[in-house]
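Notes for the one structure printed next.
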């Protein structure tokens with residue numbers, strides 16, 4: 001009986017240890033989900049980013065005209081930023097946020113900045129947001145700016161993982177194949193940001209007022225592109241004339257939707 005009790009004790013101890021190990025391993029996996037190779041803005045762009053525990057390295061394609069095959073292109077380092085701190089945070093929407101404090105040498109001086117990476121509903125796609133001021137003089141200034149940053153800031157860029165770029169991106173549908181339902185979904189999704197975009201426009205400096213409509217349209221297009229990727233479309237795969245909505249001509253619902261007063265064009 002004594003031996004049986006001891007055996008049960010060791011089994012329970014082993015199961016508890018295994019459970020703790022799994023939790024630890026899962027946490028570790030979450031901690032490194034931004035490490036690796038990423039493509040900013042679009043999966044088949046001419047730039048990529050390599051991220052490890054210490055460096056955030058930007059690279060660009062060398063002699064692109066000589067390398068038509070994406071599998072044979074060569075990349076060259078364009079910029080290297082030192083990662084000082086990396087943490088997992090939680091947003092108000094309970095999304096996983098990866099924050100980074102980084103430093104770089106600029107004009108002989110050290111500048112600090114923060115980067116926020118947000119998980120999206122699609123595996124292999126993240127959003128990245130960084131302060132556009134060009135950097136801060138101290139780490140503390142950068143951290144204070146990080147605390148004030150909105151996790152769901154509208155002016156975000158997309159980041160595509162290397163796995164997504166190689167396996168998912170080639171399977172995306174062209175814009176010619178977009179369904180009526182998906183087009184309506186995209187339009188409504190972009191317009192749901194209208195109030196936030198107008199508030200953003202109101203914060204712009206007087207010197208940039210003339211360029212504000214252009215910037216608003218550009219952000220609206222990025223929001224639309226993000227939703228199209230989520231729905232399984234390649235927003236850059238357009239017909240020769242660019243008119244992927246030709247098949248909806250005469251559709252009263254689509255016409256009414258497009259004629260609805262809006263500040264956006266995308």
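Summary of values
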item: Cα-based radius of gyration of the range 172-259 once divided by 2.2 N^0.38 Å, which approximates compact folds; result: 1.23
item: Relative contact order (%) - criterion: Cα under 8 Å, at least six apart; region: the range 172-259; result: 53
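The numbers here are math on the coordinates, done by the rules we state, and not lab data. Because the structure is predicted, anything quoted here is derived from the model rather than measured.
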